[in-house]
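Note sheet for the following structure.
The values are calculated or read from the model by the stated rules, or taken from the named source; none is laboratory data. Keep in mind the model is a prediction, meaning the values are calculated, not measured. Glycine also receives a Cβ, built like all others from the backbone with ideal geometry; neighbour counts cover every protein chain displayed.
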Amino acid sequence: MPIGVYQLPTLLEIMVWKQLWVEGRDGEGILAVLCLDYSSGALTGDLCEDLCVAQKLVYKHCLYYDRGKKVIQADWRGQPIILKSKKEMFSSYQHLTMLEEMETQDIPETELLLMVALEVKNVLGLELSNNTMGPLWTRKKGPHWKAQVASMWSLLQQEEYIYFSLLQDFSKHVLRIIGTCGHFYAVEYLTAGHAWHKTLFPLESMVGPSLAGHRSRVRAIVDIALSFLDMVQHFDNDFSHRLHLCDIKPENFAIRHDLTVVAIDVDMAFFEPKMRDILEQNCTGDEDCNFFDCFSKCNLKIRKCGAQRANNNLQVICDKIFRRWFSPSLRRPLVSLPLQLQLQKAVQECAQPGHGETTGHQRTLRSLSELYHLLRVTQRELQRAE
Ligand SMILES: Nc1ncnc2c1ncn2[C@@H]1O[C@H](COP(=O)(O)OP(=O)(O)O)[C@@H](O)[C@H]1O
Ligand SMILES: [Mg+2]
């Protein structure tokens, strides 16, 4: 029995959506349709009432591009937040036919839990125990249970939502989820990176006007770099499997007020078992074994890419982020020249490790501890100079 089919949008949905689209208010249009579906009882969530009735969740503007996720900035009870969904309309998500066929109260809870577990296993490539799935799981309650399950099902089709929900309590380096309404999940609003920005992250909005001087900016960059290293360590060691980030660029990270680095786009994040599945492809050369920022080597004898990733998160962060901060063109008179040179060399070595005596893993560990050391010395130098 197929467990899901796609449902066509209703005529009313299309009309509202079209009208708002023509008026050029696409983000608002998306939320208007969301509320229409909420009022018809098709979907629900803890933020729907604030968005659709009490008007305590107010649309600000869109942050998305044509191809990516729908990312909407909004104001929730005076606090800026972000609403995210992979697709615009609830009806575009796979629909649970089971909900139509049966009276909802008849669906055994164990059956639903099993479906959730299967979906999670599919996305993460991991089997989780029932008690770890708590944040994803809606228990049977109340008359709106059908809308609750349908909403849960639309959220479960979004890999990123699964990652964020499950890692909430284990990691300060992933986005906090504030709540949901239908297929949209709300997350904290942070200062996101931009490749075109001179310091990659707009620090002016972070360090406050009194600290906006050059020295504070340099100090902030060093603190953020240290937080990047903490995140690398954490994703490498603190879960039962290593977490690989395959789309590393400033746009996919953001900074909290305390200068913690947060991964805000984890569509291309994979735990080790799934990473191995993705990499292990047929190949005729190494170039067939590249998957965005994750790659392995082609074994020409068996014409298969190695399952083990050949590079790692640290290397790519050094290459795409640290190199921009610690390069010869950006000499900072606040830090002594020998230290600057050491740091540049360490970043270079980390981004493009040479083929020395040591294994890749040992080189990475050495790079990590060297960068920690040099950044902490820089931090102390900057403090002393005050
Ligand atoms: N929590 C957030 N706080 C601030 N800006 C965000 C947040 N989430 C996303 N953004 C902005 O929206 C952009 C797109 O979001 P992202 O999750 O990377 O979606 P996509 O899959 O389209 O790349 C980000 O590069 C960032 O500029
Ligand atoms: Mg992105």
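None of Leu31, Leu43, Leu47 is within 16 Å of ligand 1 (Cβ to nearest atom) and either within 14 Å of Thr180 (Cα to Cα) or modelled with pLDDT of 95 or more (or both) except Leu47. Considering the conditions (1) over 26 Å from Met268 (Cβ atoms); (2) surrounded by 16 or more Cβ atoms within 10 Å (Cβ to Cβ); (3) at pLDDT 80 or above, Phe90 is excluded by exactly one of them, (1).
Restricting Asp265, Asp258 to residues that are within 16 Å of ligand 1 (Cβ to nearest atom), in a loop (DSSP other than H, G, I, E, B) and surrounded by fewer than 15 Cβ atoms within 10 Å (Cβ to Cβ) narrows the list to Asp258.
In segment 66-84, the residue that is nearest to Leu190 (Cα to Cα) out of those that are surrounded by 13 or more Cβ atoms within 10 Å (Cβ to Cβ) and among the basic types (Lys, Arg) is Lys84.
A quick yes/no check of all residues on (1) among the acidic types (Asp, Glu); (2) in the same structural domain as Tyr38 (by TED's automatic domain parsing); (3) outside any loop (DSSP other than H, G, I, E, B):
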position: Ala117; (1), (2), (3): no, yes, yes
position: Thr132; (1), (2), (3): no, yes, yes
position: Pro143; (1), (2), (3): no, yes, no
position: Ile162; (1), (2), (3): no, yes, yes
position: His197; (1), (2), (3): no, no, no
position: Phe201; (1), (2), (3): no, no, no
position: Ser205; (1), (2), (3): no, no, yes
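When the helices (runs of 4 or more DSSP H) confined to segment 268-386 are screened for residues that are farther than 30 Å from Leu167 by Cα, those reaching at least 3 such residues are found at 337-351, 360-384.
Once segment 230-248 is narrowed to residues that are out of contact with any helix residue (DSSP H, G or I) (no Cβ under 6 Å at 6 or more places or on another chain) and either β-branched (Val, Ile, Thr) or not in a helix (DSSP H, G or I) (or both), the residue that is farthest from ligand 1 (Cβ to nearest atom) is Ser240.
Condition first: more than 14 Å from the chain's Cα centre (by Cα) and in contact (Cβ under 8 Å) with a residue 60 or more places away in the chain. Can you find one or more residues in segment 280-291 that meet it? Within segment 280-291 (the criterion being more than 14 Å from the chain's Cα centre (by Cα) and in contact (Cβ under 8 Å) with a residue 60 or more places away in the chain), the answer is no, since none of the residues qualifies. Within the span defined as segment 240-252, one or more residues are away from ligand 2 (no atom under 16 Å from the Cβ), farther than 15 Å from Glu159 by Cα and over 17 Å from the mean Cα position of the chain (by Cα).
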